[in-house]
Amino acid sequence: MKKSVLLGIIGLAAGMATSYGQGFITLDNYDSNGSQAAQLVTYGAGVPANGISGAVGSGGLTSAWTAGLYWAAGTTGLSQGAGNGLPDATLALGTGPNSTVPFQLQNAFGTLGAFASIGSWNSGSTLNTTLTLEIVVYPTSAGSYAAASFRGHSAAFSMATVTASSSTQALVNDAAGFGPFTVASVPEPTTLALAGLGGLASLVAFRRKQV
């Protein structure tokens, strides 16, 4: 009996140590630990308010959208800028609790284009590990960034994690290199193929003219 109790206490202590030793960040582009203003995500030209169809949106995104993350451990030196293609292949999709967060209604913050997770995402890394990240945004109804017809991602940036017991969250809004970005339409594969063929035809015609 005493042995079982002792093993239980050791197991509980080990679990707590593991939790408190791991690194967390918070998907939050609204709050700040200093005086940093909210860095909002906005609509590009012709993007529907709900990210699927219908009336075109404007200004900051509404609650029909979700923010998530792609990441890698360490400072990778990745310099990919903001856009609406797929994040760099060196980054992995973040999963687990608080790896995604919905955008808020205007009356939640008074500001459209803002997201703020209540909990923090556990990277599984140790305290103060630096992560390289890209924040991705897509219509919630699309189910994922990769499947979305309208989407956007931030420029690559890095930030350090904090422990679960830290009194100050590691907010992406405070990370150097993170900034506002827009969502845009993803070209259809056939459109890209036709554009490629058109470019090839132009090149052939140019070469013939040169000859």
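Brief remarks on what is shown
- The listed residue being at pLDDT 95 or above, closer than 25 Å to Ser165 by Cβ, in contact with a Leu (Cβ under 6 Å, 6 or more places away or on another chain) and of a type outside the set (A, V, I, L, M, F, W, C), out of Gly94, Gly60: Gly94
- Count of residues meeting criterion [over 11 Å from the mean Cα position of the chain (by Cα), within 28 Å of Ala49 (Cβ to Cβ) and not in a strand (DSSP E or B)] in the range 96-111: 9
- Failed item, numbered, when Asn84 is tested on (1) surrounded by fewer than 16 Cβ atoms within 10 Å (Cβ to Cβ); (2) touching a residue at least 40 places away in the same chain (Cβ under 8 Å): (1)
- Boolean, Asn122 is within 18 Å of Thr76 (Cα to Cα), surrounded by fewer than 20 Cβ atoms within 10 Å (Cβ to Cβ) and not aliphatic (A, V, I, L, M): no
- Hits in the range 40-66 (condition: assigned to a loop (DSSP other than H, G, I, E, B) and under 15 Å from Gln106 (Cα atoms)): Leu40, Ala49, Asn50, Gly57, Ser58, Gly59, Leu61, Thr62, Ser63, Ala64
- Some residue of the range 53-62 being under 17 Å from Gly143 (Cβ atoms) and over 15 Å from the mean Cα position of the chain (by Cα): yes
- Residues of the range 116-141 that turn out to be closer than 30 Å to Ser185 by Cα, at pLDDT 95 or above and either of a type outside the set (Gly, Ala, Ser) or more than 15 Å from the chain's Cα centre (by Cα) (or both), as a count: 12
- Contact map, the range 161-173: first residue in contact (Cβ under 8 Å) with a residue 12 or more places away in the chain and surrounded by fewer than 17 Cβ atoms within 10 Å (Cβ to Cβ), second residue assigned to a helix (DSSP H, G or I) and aliphatic (A, V, I, L, M), Cβ cut-off under 9 Å, separation 6 or more or different chains; the map is empty.
- Identity of the residue in the range 67-88, in a loop (DSSP other than H, G, I, E, B), within 12 Å of the chain's Cα centre (by Cα) and not polar (S, T, N, Q), that ends up farthest from Ala184 (Cα to Cα): Pro87
The values are calculated or read from the model by the stated rules, or taken from the named source; none is laboratory data. Model, not experiment: these values are computed from the prediction. Cβ sites come from the backbone with ideal geometry, for glycine too, and all protein chains shown count toward neighbours.
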